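Trainee: Supplied in structure tokens, the structure appears directly below.
The values are calculated or read from the model by the stated rules, or taken from the named source; none is laboratory data. Owing to the predicted nature of the structure, the values given are computational and were not obtained by experimental measurement. Because the Cβ atoms are built from the backbone with ideal geometry, glycine has one as well, and the counts that use them run over all protein chains shown. All accessible areas refer to the heavy atoms of the entire protein, side chains included, with ligands and DNA or RNA removed. Shrake-Rupley method; radii C 1.70, N 1.55, O 1.52, S 1.80 Å.
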Amino acid sequence: MSLAPAHVAGVGMVRFGKYPADVMLEAMALGAAREALADAGADLAAVDGLYVGHVFGGPVAGQRIAAQLGLDGRPVSNHENYCASGATAIREAWVALAAGLHDVALVIGVEKMTDRVAGGVRPDPGDLDAAVGYVMAAGHAMSARRYLADHGATREQIAAVAVKNHAHSVHNPWAQYRKPISLEQVLGARPIAEPLGLLDCSPISDGAAAVVLCTPAGLRRLGLGSTGPRVLGVGLVSGTVQTGLGDLNAEDVSRRAGEEAWRLSGVGPDDIDLVEMHDCFTIAEIVRMEGLGLVPHGRGAAWAAEGVTALGGRLPVNPSGGLLSRGHPVGATGAAQVCELTWQLRGTAGGRQVDGARAALAYCKGGTVNGTDGGSVTTVVMTA
Amino acid sequence: MPSAESPPATRGRPFREGLLALDPPRLLGSRCAGCGATAFPARAFCPACRTGVVEPAELSTSGRVHSFTVVRQAPPGTEVPYTLAWVDLPADEVRLMAQVVGVAPEAVELDMPVDLELTTFGTADDGTELVGFRFRATVAVAA
Ligand SMILES: [Zn+2]
């Protein structure tokens, strides 16, 4: 273990979904922050610094939030790593606590998308991939087509990820979608980027999630006796420039992110009881779990179809419902994953509780960069 | 954003400097003098061995489809459907992303041979045509 763990004193969310245009980003962030502070029993006066993850929130969104919340004057920083922005903010807070800079840090992941993003997301216009017509769904569709050809997997097995995650979301009051869906619905949905259809894709969403992280001195400041779940470490890697004609689904970036997670946390892959995985698309959950080494290469689709990664299975993945069901307000997702891990490790996740959860991993992948195997990947390791 | 119907480009300038040559049409990459790895677009370092000196390289125009999708939904302003592919250039051991034309979406297959073709990627502020690239199915098939 390289740095001291961060104690999770409180977590909170606003339900993800589609909010009216006049519900401001700041208001959603405040809602999540107040939930987390209340969960921690913390006054604003106890908070030393604010870390905000967002992508589309505009300049100094964090300071706009601080000025409305009552944290004006504190150190506030904004963190953008696309869909890994919230988790990156958590990593920066963890580092600041371990460095002795703060004892109590508030992290907010927040995004308002439905009034400013339509038809899907794509890279920055400066990226070469954007110029040739790349959209995120297309990249995952090409991954899926290759996966089907290389591993003898079936379209139905990939679709099983959506069926599984939506079944989990029935028990998650914070999820955008809480209805079960059938395999036939996934297979028959409107095509987005073949072979993927609408129900293989996470939605465009609004939402916010917040986490109060503490040092042991911070816990004493908040008057918290029992320590509760801890963030042992947060890995962060970026994609590398690829050469050659190798496996399109090699997921070396996920492998490296996993190694960072184990190195920073001292926890090993065999210790993990559940995973919150960045299932922005069905196929993404499959190949990323394989890249981490938590599922054998080429077996992820079969495992999803066989129930191995379902609640009650050997390694539950996305008990929250994942991005597919909880929704994907991109900057908020990493913080929402840590909320879910906290509830799971406290044993308070209700109908979606993973029995006996002691150690858990949350994975986010944010953005794409031409010629590389990804933008940013974060791996949060927590224990009860 | 190019559409499948846009005509092949005949004049203008590359939409990004150093990305391609117009006559004859070639994609421009970089090749490591040390390990031989080729990169596209050109980079100032070798992504494979990290130590070799890199030199400019014209890439082969013959490719094959490693994977593909038919994009049916895109942000406003982008005409759909279109076929997007990972195209392998076996002679250079380079994989790149590009649109594929000259073949109906339902007729695209893995390992299908394709050839480089220049196409318009828009117009510059001074009215000059900006030239980009795509690939065309080598064997005549119903488009
Ligand atoms: Zn080299």
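Trainee: Within the group A:237, A:253, which residue is in a strand (DSSP E or B) and β-branched (Val, Ile, Thr)?
Mentor: Of A:237, A:253, the one residue that is in a strand (DSSP E or B) and β-branched (Val, Ile, Thr) is A:237.
Trainee: If you don't mind, there's one more thing I want to ask. Would you call residue A:359 over 26 Å from residue A:243 (Cβ atoms), in the same structural domain as residue A:179 (by TED's automatic domain parsing), surrounded by 23 or more Cβ atoms within 10 Å (Cβ to Cβ) and touching a strand residue (DSSP E or B) at 6+ places or on another chain (Cβ under 9 Å)?
Mentor: So residue A:359 fails the test.
Trainee: Something else now. Report yes if residue B:24 is surrounded by fewer than 17 Cβ atoms within 10 Å (Cβ to Cβ) and in a strand (DSSP E or B), otherwise no.
Mentor: The answer is no for residue B:24.
Trainee: Somewhere in the stretch A:333-352, is a residue surrounded by fewer than 24 Cβ atoms within 10 Å (Cβ to Cβ), of a type in the set (Ser, Thr, Tyr) and assigned to a loop (DSSP other than H, G, I, E, B)?
Mentor: yes
Trainee: State which residue is farthest from residue B:18 (Cα to Cα) when the search covers only the stretch A:107-134 and only residues that are of a type in the set (D, E, K, R) and facing another protein chain (nearest Cβ under 10 Å).
Mentor: Among them, the one singled out is A:122.
Trainee: Test residue A:107 against the criterion of being assigned to a strand (DSSP E or B), modelled with pLDDT of 95 or more, closer than 26 Å to residue A:280 by Cα and outside the structural domain of residue A:283 (by TED's automatic domain parsing), and give yes or no.
Mentor: yes
Trainee: Still on this structure: Can you work out which of the residues in the stretch B:28-59 that are more than 9 Å from the ligand (Cβ to nearest atom), surrounded by 19 or more Cβ atoms within 10 Å (Cβ to Cβ) and outside any strand (DSSP E or B) is farthest from the other protein chains (Cβ to nearest Cβ)?
Mentor: Here the answer is B:59.
Trainee: Listed residues A:196, A:248; which is over 15 Å from the mean Cα position of the chain (by Cα), more than 29 Å from residue A:31 (Cα to Cα), open to solvent by 20 Å² or more (accessible area, probe 1.4 Å) and in the same structural domain as residue A:141 (by TED's automatic domain parsing)?
Mentor: Sole residue among the options that is over 15 Å from the mean Cα position of the chain (by Cα), more than 29 Å from residue A:31 (Cα to Cα), open to solvent by 20 Å² or more (accessible area, probe 1.4 Å) and in the same structural domain as residue A:141 (by TED's automatic domain parsing): A:248.
Trainee: Okay, next question. Residues that are closer than 26 Å to residue A:231 by Cα: list the helices (runs of 4 or more DSSP H) wholly contained in the stretch A:145-221 that include at least 1 such residues.
Mentor: Qualifying helices (runs of 4 or more DSSP H): A:155-169, A:216-221.
Trainee: Right, next: Of all residues in the stretch B:92-107, which are of a type in the set (A, V, I, L, M) and facing chain A (nearest Cβ under 10 Å)?
Mentor: Answer for the stretch B:92-107, where residues must be of a type in the set (A, V, I, L, M) and facing chain A (nearest Cβ under 10 Å): B:94, B:96, B:97, B:98.
So that you can scan it fast, the table gives a plain yes or no per residue for (1) in contact (Cβ under 8 Å) with a residue 40 or more places away in the chain; (2) closer than 27 Å to residue A:81 by Cβ; (3) not acidic (Asp, Glu):
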| position | (1), (2), (3) |
| --- | --- |
| A:293 | no, yes, yes |
| A:296 | no, no, yes |
| A:312 | no, no, yes |
| A:339 | yes, yes, yes |
| A:351 | yes, no, yes |
| A:355 | no, no, no |
| A:365 | yes, yes, yes |
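Trainee: Pairs, please: C-beta under 7 Å, at least 6 apart or cross-chain, first residue within 7 Å of chain A (Cβ to nearest Cβ) and in the stretch B:74-91, second open to solvent by less than 60 Å² (accessible area, probe 1.4 Å) and aromatic (Phe, Trp, Tyr)?
Mentor: The qualifying pairs are B:84/A:134; B:84/B:68.
Trainee: State which residue is nearest to residue A:241 (Cα to Cα) when the search covers only the stretch B:121-143 and only residues that are at pLDDT below 95 and within 13 Å of chain A (Cβ to nearest Cβ).
Mentor: B:121
Trainee: Suppose the filter is within 14 Å of chain B (Cβ to nearest Cβ) and aliphatic (A, V, I, L, M); does residue A:199 pass it?
Mentor: The answer is yes for residue A:199.
Trainee: Output the number of the condition that residue B:93 fails; it satisfies all remaining conditions of (1) within 16 Å of the ligand (Cβ to nearest atom); (2) open to solvent by 30 Å² or more (accessible area, probe 1.4 Å); (3) not assigned by TED's automatic domain parsing to the domain that holds residue B:134.
Mentor: Failed condition: (3).
Trainee: What is the number of the single condition among (1) more than 7 Å from chain A (Cβ to nearest Cβ); (2) under 21 Å from residue A:197 (Cβ atoms); (3) not polar (S, T, N, Q) that residue B:110 does not meet?
Mentor: (1)
Trainee: Which one of A:215, A:227 is over 21 Å from the mean Cα position of the chain (by Cα), of a type outside the set (Asp, Glu) and at pLDDT 95 or above?
Mentor: Residue meeting the stated conditions: A:215.
Trainee: Turning to a different aspect of this structure: Can you tell which of B:67, B:62 is open to solvent by 10 Å² or more (accessible area, probe 1.4 Å) and either more than 13 Å from every other protein chain (Cβ to nearest Cβ) or at pLDDT 95 or above (or both)?
Mentor: Sole residue among the options that is open to solvent by 10 Å² or more (accessible area, probe 1.4 Å) and either more than 13 Å from every other protein chain (Cβ to nearest Cβ) or at pLDDT 95 or above (or both): B:62.
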